[in-house]
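Just below is one structure, and these are the notes that go with it.
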Amino acid sequence: MTEVQERVSDERRAALRAGLLSWYARHKRDLPWRRSEDPYSVWISESMLQQTRVETVIPYFMRFMKRFPTVAALADAEVDDVLALWSGLGYYSRARRLHAAAALIVERHGGEFPRRRQEAEALPGVGAYTAGAVLSIAYGLEEPLMDGNVQRVLARWFRVEGLVTRAAARRELEELAANLVDGVGDPASWNQALMELGATVCSPREPRCGGCPVEALCEGRAAGVERALPVLPARPAPVDVELELFLVEEAGRVLLRRRGAEGRMAGLWELPTRELASGEARLFPAEVELSLLARGELGELRHTITRHKITARVYRAALGEDGLPPEWAWVGVEELKGLGLTGMTKKALTLGRGRSL
Ligand code: SF4
């Protein structure tokens, strides 16, 4: 018997399953991607939900599924159209990988998300978590998954006190997740219930243990150490970034530049942007290599990119006498909606034009 099997007795496992599943049946949130078990829909929603809040994802998911309702539709799309729909959601490499993976699913798997973990994880952007989510939720396979919510719930249930980025604690949590899903019967509900408990009850700082369906089975709670678990590495300090953005409009067109093909926000369009100060490598160019004449401040914006806390002042400006360097382009305002814009640029355009795109 392995150590994990010893820790999860049959009685305890049965009680955890009964408590959590009946709670989930009564309390699960009605989310758009839960209305279908289509693997494509599960895959898209799980990809969008990585590092992004549920409320933010909902409208993006709805628009994306309307525009690209099938794997084949996504595979056929231009990557720029995919980026345009992703604009504002951040972590744009996810959109590029989704698009690349859709092409591979059509080419190698007859348009159907693979059912085998190894094949699923061979797709761009599909890691252990996404594979586990699609296989369990869409295909009903008893595959475990581990995201931040599941990690927290399991670390508290079983009082896992090692640093979760270390191999020993990670392995322990993975074995616990695998043990609990094995033989559960309804892995789709089980995995979603674990995530739901973490998202709505067993929250990082203020777990609502009084409303928890399995409080009596939780070792962390019994020992009074639930808030200290899981043990996470220290967060890197936030970096303050100050920017100036320039909105240059002329004859129904806006001046934009496309970011390079590599690095952060690759391939997205942005307004002329100048980075005034930051403690480290620049997110944006230090100088706008354009001659611009500022015509007044439109306002200030705040935006966060990973740990960068950005404050940006937005100015209306006109193009100076030096003309237009080759990498800059005039884009008609009616085309803006179909472009992959950086989140900052989208906000600044909304501010400057008095309405959202
Ligand atoms: S008792 Fe508290 S710490 Fe334990 S699983 Fe429930 S909410 Fe989380």
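In the set (1) open to solvent by 30 Å² or more (accessible area, probe 1.4 Å); (2) part of a helix (DSSP H, G or I); (3) among the aliphatic types (A, V, I, L, M), the condition left unmet by LEU357 is number (2).
The residue that is surrounded by the most Cβ atoms within 10 Å (Cβ to Cβ), among those in region 215-255 that are in contact with a helix residue (DSSP H, G or I) (Cβ under 6 Å, 6 or more places away or on another chain) and not hydrophobic (A, V, I, L, M, F, W, C), is GLY220. Applying the criterion of being among the β-branched types (Val, Ile, Thr) and more than 16 Å from the ligand (Cβ to nearest atom) to the residues of region 215-253, the residue that is nearest to ARG302 (Cα to Cα) is VAL241.
Here ARG302 meets each of (1) of a type in the set (D, E, K, R); (2) at pLDDT 90 or above; (3) surrounded by 14 or more Cβ atoms within 10 Å (Cβ to Cβ) with one exception, condition (3). Would you mind telling me which numbered condition in (1) in contact with a helix residue (DSSP H, G or I) (Cβ under 7 Å, 6 or more places away or on another chain); (2) in a helix (DSSP H, G or I); (3) open to solvent by 10 Å² or more (accessible area, probe 1.4 Å) GLY140 fails? Status for GLY140: all satisfied but (2). Assessment of region 186-195 against the conditions (among the aromatic types (Phe, Trp, Tyr) and more than 10 Å from the ligand (Cβ to nearest atom)) yields at least one matching residue. Can you tell me which residue within region 69-87, out of those that are assigned to a loop (DSSP other than H, G, I, E, B) and open to solvent by 40 Å² or more (accessible area, probe 1.4 Å), is farthest from LEU349 (Cα to Cα)? The residue in question is THR70. Looking at the structure I just gave you, is GLY148 free of Cβ contacts under 8 Å to residues at least 24 places away in the same chain and in the same structural domain as THR52 (by TED's automatic domain parsing)? Here the answer is no, as GLY148 does not meet what is asked. When the residues of region 196-214 are narrowed to those that are free of Cβ contacts under 8 Å to residues at least 60 places away in the same chain, charged (D, E, K, R) and more than 8 Å from the ligand (Cβ to nearest atom), which ends up most open to solvent (accessible area, probe 1.4 Å)? My answer is ARG205.
The values are calculated or read from the model by the stated rules, or taken from the named source; none is laboratory data. Not measured: the values here are computed from a predicted model. FYI the Cβ positions are ideal-geometry reconstructions off the backbone, even for glycines, and counts take in every protein chain you see. Surface accessibility is based on the protein's heavy atoms, side chains included, excluding ligands, DNA and RNA. Shrake-Rupley method; radii C 1.70, N 1.55, O 1.52, S 1.80 Å.
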